[in-house]
Amino acid sequence: MRILGIETSCDETAAAIVEDGCNVLSSLINSQVKIHAKTGGIVPEIAAREHIPVIIPLIEEAFKQAGCDWHDIDAIAVTKGPGLIGSLLVGVDTAKTLAMSKGIPLHGMNHIIGHIYANWLDKEPSKQPEFPLIVLTASGGHNELVLMKRHTNMEFLGSTIDDAAGEAFDKVARLIGLGFPGGPAIQKAAANGDANTFNFPRPMLNDGFNFSFSGLKTSVLVTVRHLLERRDTLDKQTVANLAASFQEALVETLVTKLVRAAKEHCAKEIHIAGGVSANARIRELAGEQARAGHLILRYPERLHYCTDNAAMIASAAYFRPNPCPWKELRAEPNLVLA
Ligand code: KG4
Ligand code: ZN
């Protein structure tokens, strides 16, 4: 079964064609990161407008690279939420128009569930994940822990009560003078820093499965203010040490909860997904803890599948179909995991 995936929930326009949920025939992303870097963050109106001229050529290119035409496509899957309303509308309206005019079934997908399915991409059927498993989704806009017993049985264990992990990376990066998006910038700076320099808090470490990162962010802010009382600017080594110490505190918090959830629910596998799963330190620490706990660790095969992409949306629709008549599909910016 071949599904055309479309994703426009935030600042990436993406189109992909995926066969049987895991075989990626094409996956294209047009990132707006350079545009939003100028403002140090995403301006929703601009993000929405930038999707419009890009989406149709991107879908055409996805067909070309996959060597497919419309006769080869069995369904269209589009992100219906959560996300920025203006951005979501571009993808949803495009998918509705195509589904109606081509007479093809349409699936309205949850973006967070899409991230979860990034761990099925490019994996042969015999090497696919085994249930029960725990997934940590950590992105700019969301941060959840999910127990999966089957494709159709997902139990939501916790989420952030304030900032998401990626959002914390972005805000701290801005605070210490690094670029946007903050995650890759912090990771790069942290490579030359000492994570033991500053003892930042590990929020709610042994307390349930919710996350809270606003206190950690404030702790970095207070430290930076103290440092700037004694000097005019932060030197490169201090920025590196701040980045490394912050990254360690955040990553340790995420991984500790992920592994504890796996033990409590007798899971075989732990998965990390979403933009933060691209982080080298989270992969390293999760790998160490998975080995110690005899768990299988998975993160997306390609960095391209960590951040927003359309292959994960097509995969999610294969394993968790959510057909919807084109007339009824709506963008749902506040859609929750259920
Ligand atoms: O999944 P995603 O593309 O968008 C949302 O759905 O939010 O995630 C983007 C987030 C950004 O906050 C970005 O800073 C973070 O993922 N990110 C990283 C890394 N690469 C991207 N965070 C830490 N380390 C990275 N290497
Ligand atoms: Zn995302």
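Just so it is clear, none of the values below were taken in a lab; they were calculated from the coordinates. Just so we're clear, the structure is a prediction, and the values are computed from it rather than from any experiment. Counting neighbours? That spans all protein chains shown, and the Cβs are built from the backbone with ideal geometry, glycine included.
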Which value, in debye to the nearest 20, describes the size of the charge dipole of segment 1-110 about its Cα centre when Lys and Arg Cβ atoms bear +1, Asp and Glu Cβ atoms bear -1, and nothing else is charged?
260
Compute the normalised compactness of segment 218-272: alpha-carbon radius of gyration over 2.2 N^0.38 Å, N being the residue count.
1.67
Stretched out fully, how many nm does the piece from Thr152 to Ile52 gain, at 0.36 nm a residue minus the Cα gap?
32.6 nm
For segment 186-212 and segment 28-102, compute the distance between their C-alpha centroids and round to whole Å.
34
Each residue of segment 24-40 in turn: what ³J(HN,Hα) in whole Hz from Karplus with 6.51, -1.76, 1.60 and θ = phi - 60°, glycine and Pro shown as x?
7, 7, 7, 8, 10, 10, 10, 8, 9, 4, 5, 5, 7, 4, 5, 9, x
Can you work out the Karplus-derived ³J(HN,Hα) for every residue in segment 239-254? Use 6.51 cos²θ - 1.76 cosθ + 1.60 with θ = phi - 60°, whole Hz, and x for glycine or proline.
4, 4, 5, 4, 4, 5, 5, 5, 4, 5, 4, 5, 5, 4, 5, 4
Compute from the Cα atoms of the chain the Rg and the Dmax, the latter being the longest Cα-Cα distance, and quote both in angstrom.
20.0, 68
Under 21 Å from the Cα of Lys268, which lysines turn up, not counting those fewer than eight places away in the same chain?
Lys123, Lys127, Lys149, Lys257
Please report how far the C-alpha centroid of segment 216-238 lies from that of segment 112-166, rounded to the nearest whole angstrom.
35
With R₀ set to 41 angstrom, the calculated FRET efficiency between the beta-carbons of Glu288 and Glu45, to the nearest 0.05, is 0.40
Once the dipole of the chain is set up with Lys and Arg at +1 and Asp and Glu at -1 on Cβ about the Cα centre, which of Asn309, Leu84, Leu216 lies farthest towards its positive end?
Leu216
Given the rule -39500 (n - 2.57) for each run of at least 4 DSSP H residues, summed and divided by the residues of the chain, what is its mean residue ellipticity at 222 nm, to the nearest 500 deg cm²/dmol?
-13500 deg cm²/dmol
In the chain the DSSP beta bridges are antiparallel at a rate, in percent to nearest 5, of 60
Based on the alpha carbons, how large is the Rg to Rh ratio for segment 207-338 when Rh follows Kirkwood?
1.07
